[in-house]
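Just so you know, all these numbers are worked out from the coordinates, no wet-lab data involved. Given the structure is predicted, the values throughout are model-derived calculations rather than measurements. Ideal geometry is used to build each Cβ from the backbone, glycine not excepted, and the neighbour counts take in all protein chains shown.
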Amino acid sequence: MSITIKLPPDVEKRLAGLPDLGQRVADFLRDELEHEEWRKARYSDEARAIVREGLAEAERDKAAGMTREEGFRRFFEVYDRITAQIAANQ
């Protein structure tokens with residue numbers, strides 16, 4: 001496989017003399033692939049679905065005009081209720 005990417009001219013110029021650039025890029029991409037595989041194995045489909053739903057809800061709230069501060073306030077309200085419930089059940 002070969003990949004062509006357009007680099008900003010200043011970056012391209014600075015990379016010109018870097019030894020073994022192709023190998024370094026391949027190593028970086030291999031590490032990224034291993035990280036992605038680890039991430040997918042670590043988190044269940046259900047957990048990823050919950051994150052996607054949360055991000056979608058955050059976008060809806062943002063579009064509705066909710067401020068970041070209000071979002072954090074609501075988050076910590078829920079967090080406090082959950083931790084209180086966990087503490088009560090221990």
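Rounded to the nearest whole Hz, the Karplus-based 3J(HN,Hα) values (6.51 cos²θ - 1.76 cosθ + 1.60, θ = phi - 60°) of the stretch 27-39 follow the sequence 4, 4, 5, 4, 4, 4, 5, 4, 5, 5, 5, 4, 4, with x at glycine and proline. Across the stretch 19-90, the fraction of Cα-Cα pairs farther apart than 17 Å, rounded to a whole number, is 68%. Here the Gaussian network model covers the chain, with springs between Cα atoms less than 10 Å apart; of Lys40, Lys13, Lys62, Lys13 fluctuates the most.
Listed values for the stretch 43-56 are Karplus-derived 3J(HN,Hα) couplings in whole Hz (6.51 cos²θ - 1.76 cosθ + 1.60, θ = phi - 60°), namely 10, 5, 4, 5, 5, 5, 5, 5, 5, 4, 4, x, 5, 5, and x replaces Gly and Pro. Model label sites at Leu55 and Arg42, defined 7 Å from Cα along the beta-carbon direction, differ in position by 1.6 nm. Here the sum of -39500 (n - 2.57) over DSSP H runs of 4 or more residues, divided by the residues of the chain, equals -26000 deg cm²/dmol at 222 nm, to the nearest 500. In order along the stretch 59-72, the Karplus-derived 3J(HN,Hα) couplings, from 6.51 cos²θ - 1.76 cosθ + 1.60 at θ = phi - 60°, round to 5, 5, 4, 4, 5, 7, x, 5, 7, 4, 4, 5, x, 5 Hz, and Gly and Pro are given as x. Spin-label pair Ile5-Asp27: with each label point 7 Å from Cα along the Cα-Cβ axis, the two points sit 1.6 nm from one another.
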